[in-house]
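Written below as structure tokens is the structure these notes are about.
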Amino acid sequence: MMDTEEVINTICHHDCGGGCLLKVHVRDGVVTRIETDDSEDLQYRACPKGRAHRQKMYSPDRLRYPMKRVGERGEGKFECISWDEALDKVASELKRVYETYGASAVLRLGGTGDMGQLHRPMPMNRLLSLMGGYSTTWGIASFEGALFASLTTYGTTVSANDRNDLLNSSLIIMWGLDVVGTIHGNNTRWYLAQAREKGTRIVSIDPKYTNATATFAHQWIPIRPGTDTAMLIAMAYVMIKENLQDQSFLDTYTIGFDRFKDYVLGIEDGVPKTPAWAEAITGVSAEVIASLAREYAIARPAALMPGWSAGRTANGEQFHRAIMVLAAMTGNVGKHGGNSGAGVYGQSYNFSLGGILTEAGNPVDEGVPRRKNALPTSGAVGLSSRIHNSKVWDAILEGKAGGYPADYKLLYVINSNYLNQRPNINKGIKALKTLEFIVVQEQFMTATARFADILLPMSYFMERNDITTAGGLSFYGYMNKVVEPYYETKSHLEVAAALAERLGISDFNDKTEEELLKEIVAGSKDIPDYDILKRDAIYRVKLSEPGVAFKKQIEDPQNNPFPTPSGKIEIYSQQIAYMDDPMIPPIPKYFETRESLNDSLAKKYPLQLITTHPKLRVHSQFYNVPWLTELESQVAIMNTADARARGIKDGDQVRVFNDRGKMVIPARVTQRIMPGVVDIPEGGWYIPDEYGIDRGGCPNVLTLDEPSPAGAFVSGPYLVQVRKVEED
Ligand SMILES: Nc1nc2c(c(=O)[nH]1)N[C@H]1C(S)=C(S)[C@@H](COP(=O)(O)OP(=O)(O)OC[C@H]3O[C@@H](n4cnc5c(=O)[nH]c(N)nc54)[C@H](O)[C@@H]3O)O[C@H]1N2
Ligand SMILES: Nc1nc2c(c(=O)[nH]1)N[C@H]1C(S)=C(S)[C@@H](COP(=O)(O)OP(=O)(O)OC[C@H]3O[C@@H](n4cnc5c(=O)[nH]c(N)nc54)[C@H](O)[C@@H]3O)O[C@H]1N2
Ligand code: SF4
Ligand SMILES: [Mo]
């Protein structure tokens with residue numbers, strides 16, 4: 001018999017901080033096996049999730065047909081309908097809402113399903129803009145605090161060294177960074193492994209003894225969540241007292257160090273920020289703080305590498321501002337082996353692609369004043385027409401009367417499990433029930449999908465073509481279509497195009513998918529040939545040396561000012577001072593987090609919940625893939641002492657609760673998390689029982705829908721209690 005198996009290269013690019021080559025075996029139009037990169041070159045190897053796609057895309061749970069709601073909203077009762085009926089209904093509801101209430105009543109919520117350039121919310125954004133506009137959100141859930149800090153301190157968000165530059169460091173500090181549990185750039189762990197082998201000292205500061213700590217670190221410093229800024233400021237105190245700071249670097253490249261110094265020494269407020277002061281707040285001993293301060297000041301070059309969780313706290317931007325000040329105090333900015341303290345965009349973010357099906361300019365944003373806490377350089381996200389992504393439920397419930405920019409009537413959700421993935425689900429449910437119409441484009445019956453009036457089944461990345469770029473990785477990727485779409489699923493572009501036709505929007509798009517992708521590739525200065533990119537699926541960009549942020553500014557400051565208003569690294573930011581908000585001070589300061597252990601609420605709810613990112617999921621995606629849940633299931637991770645005090649053993653069912661919600665979940669009892677802290681990884685599915693108690697392990701039943709003052713999404717810590725579920 002003839003062997004009809006083909007191997008097609010494509011790219012998995014999820015919102016995991018990775019992007020990986022898949023070699024997909026296809027037989028008779030069906031994916032039979034997935035292999036990954038085995039090249040001699042730098043490899044972009046898929047993780048177990050990437051290799052489990054076959055089970056996800058052919059899951060019996062996958063949505064196959066358009067559906068309309070038949071029961072109460074949220075009840076999850078649906079009936080299959082034709083695409084014609086579904087699209088007619090969506091088009092007529094859009095038309096009705098535009099005519100009755102105006103464009104701002106249409107709220108478009110997006111997420112990060114997968115990261116192609118074309119099949120995301122962009123086509124729908126264009127259509128809605130041509131219809132008259134739409135309301136949407138601001139605040140990047142991942143790292144808004146880090147972006148704010150980077151824009152104020154350095155004047156740009158592209159401020160981190162490339163990860164391969166870690167091989168030049170003599171000390172690496174992973175501050176709330178777990179590059180094994182989360183992907184923070186495909187090969188970060190590969191570089192850490194090589195650094196470790198070379199003898200580079202590696203320190204990890206984290207409430208959890210993470211996989212990255214276990215694998216790479218020489219020292220683990222457990223710290224109470226939400227208190228990191230106090231430790232950083234106490235490290236600055238030690239450096240100043242012992243005159244360890246790089247004063248000539250500070251004099252040449254920064255402004256405002258003296259103001260910061262006055263705060264640190266207590267000249268400003270009478271409180272010297274000594275290691276003993278920080279010990280009481282952080283739980284880290286004064287000696288450990290002082291010795292890390294000395295070590296970081298003396299080891300040159302040293303890379304201070306933040307993750308994003310410590311910045312997703314109630315005053316998260318202060319953490320990132322403080323870490324950047326320490327990087328400047330030690331003269332580690334702009335140097336090989338150093339790092340600016342930034343943890344977001346590395347130099348490969350400078351890779352660019354051409355015109356995505358361009359947004360038509362959203363009329364709802366036009367002529368709108370900026371928010372008081374928005375930086376002048378933050379673009380459209382700084383407009384007061386936007387709702388912070390943590391405040392969407394209140395905005396729907398209260399509208400203009402509650403001070404929000406509009407009254408919202410129609411919700412359009414694309415590429416997101418918004419209800420599951422935003423804080424305070426119980427409030428979210430109330431809000432969703434008040435809307436006039438909800439459309440959700442989904443692949444699975446998620447918590448959000450259950451609230452749809454019309455549910456549209458979407459194709460998989462392997463069922464359409466797309467292009468992807470870097471995102472911190474040194475490559476461009478072609479996300480090849482490898483099989484035909486599953487049952488009646490359609491791509492995001494096809495849905496927007498079909499709606500445009502029904503709504504009479506003739507200038508939506510006249511190009512095919514491939515023509516659009518060719519245009520995108522043509523806009524890149526790096527990719528030599530479209531067909532070769534398509535065949536190989538990967539084009540590795542070769543750089544002569546690791547990218548170092550601000551190298552020019554440091555080597556030749558006369559000709560290369562920093563892109564800040566002063567041209568210097570701004571330890572003191574006049575742009576922030578203009579905001580005139582005591583909770584966003586112009587120099588970084590420590591503020592006690594809300595729901596800290598000193599809060600009176602801690603008597604009732606004495607444990608601090610954090611919600612880390614799951615190794616074997618991407619947020620809520622892959623939750624329903626048995627190959628992966630066999631390896632790691634959703635649990636509440638707690639310390640042995642806290643468990644013993646409550647009579648809880650590993651594997652016991654426990655209740656985790658606070659005033660916002662309740663869940664029942666198995667406990668994982670371990671010494672790999674510090675006492676007083678509980679971790680329920682984000683992305684567990686919200687699956688309520690008949691009493692409204694979550695049985696799927698979604699931490700957002702417990703979280704508060706309040707951002708930090710400058711807009712960081714707050715993933716923790718929150719106060720909770722844990723009790724054993726008693727058998728009847
Ligand atoms: N408590 C807590 N909550 C958090 C966080 C936290 O740390 N703690 N982290 C926050 C962060 S940083 C983020 S980025 C957000 C993420 O929030 P979301 O972007 O909402 O996260 P996902 O769970 O990945 O949801 C994507 C959904 O899109 C659907 N989808 C629809 N169309 C497509 C498609 O074409 N392709 C794919 N692949 N999927 C499609 C997927 O099936 C999936 O249900 O969560 C935030 N929520
Ligand atoms: N496998 C996988 N990888 C992912 C994702 C995923 O869902 N799955 N999501 C991706 C996305 S969208 C994002 S935004 C990033 C998120 O990346 P991060 O925010 O860096 O990831 P987290 O797992 O939330 O937290 C990292 C570490 O910080 C610790 N931590 C929590 N709170 C604190 C604190 O207050 N102080 C200190 N010092 N440490 C703290 C946690 O214990 C954890 O070990 O991950 C990306 N990578
Ligand atoms: S899920 Fe992330 S790390 Fe895993 S294969 Fe896909 S892109 Fe790579
Ligand atoms: Mo994120």
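Each reported figure results from applying straightforward, stated rules to the coordinates on display, with no laboratory input. As the structure is a computational prediction, the values presented were derived from the model and not from experiment. Cβ: placed from backbone, ideal geometry, glycine included. Neighbour counts: every protein chain shown.
In table form, for the structure just shown:
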| read-out | value |
| --- | --- |
| Straight-distance crosslink candidates among aspartates and glutamates, where the alpha carbon sits under 19 Å from residue 372 and sequence neighbours closer than 8 are dropped | 144, 317, 580, 581, 706 |
| Cα gyration tensor shape for the chain, rounded if a/c is under 1.5, else prolate or oblate | rounded |
| Sequence-distant lysines (8 or more away, or on other chains) whose Cα lies within less than 16 Å of residue 273 | 241, 261, 589 |
| Mean Cα-pair separation over length for segment 600-727, i.e. relative contact order, pairs under 8 Å, 6 or more apart, % | 35 |
| With eigenvalues of the C-alpha gyration tensor scaled by 5 and rooted, segment 600-727, Å | 20, 19, 15 |
| 222 nm mean residue ellipticity, helices alone, for the chain (DSSP H n ≥ 4; -39,500 (n - 2.57); rounded to 500) | -8000 deg cm²/dmol |
| Flagged links, alpha-carbon separation over 21 Å, of 68/481; 511/534; 198/551; 89/511; 481/534; 56/511 | 68/481; 198/551; 89/511; 56/511 |
| Sequence ranges 17-24, 530-537, ranked by mean other-Cβ count within 10 angstrom, highest first | 17-24, 530-537 |
| Neighbour-count ranking [beta-carbon atoms within 10 angstrom, fewest first] of 57, 115 | 57, 115 |
| Separation of alpha-carbon centers, segment 73-134 and segment 539-596, rounded to whole Å | 38 |
| Three-way shape label, segment 668-725, alpha-carbon gyration tensor, a/c 1.5 | oblate |
| Environment charge at residue 315 (Cβ cut-off 13 Å; Lys +1, Arg +1, Asp -1, Glu -1) | -3 |
| 20 Å Cα-Cα threshold exceeded, pairs from 335/552; 208/724; 409/430; 604/662; 335/568 | 208/724 |
| Other-chain or far-sequence residues with amide H under 5 Å of residue 650's (modelled H) | 669 |
| Gyration tensor verdict on segment 177-234 (Cα atoms; rounded if a/c is under 1.5, prolate if a/b is larger than b/c, oblate otherwise) | prolate |
| Relative pair counts by distance (%), Cα atoms of segment 193-325, 10 Å bins | 11, 41, 37, 10, 1 |
| Student exercise, the chain dipole from Lys, Arg, Asp, Glu Cβ charges, in Debye to nearest 20 | 1160 |
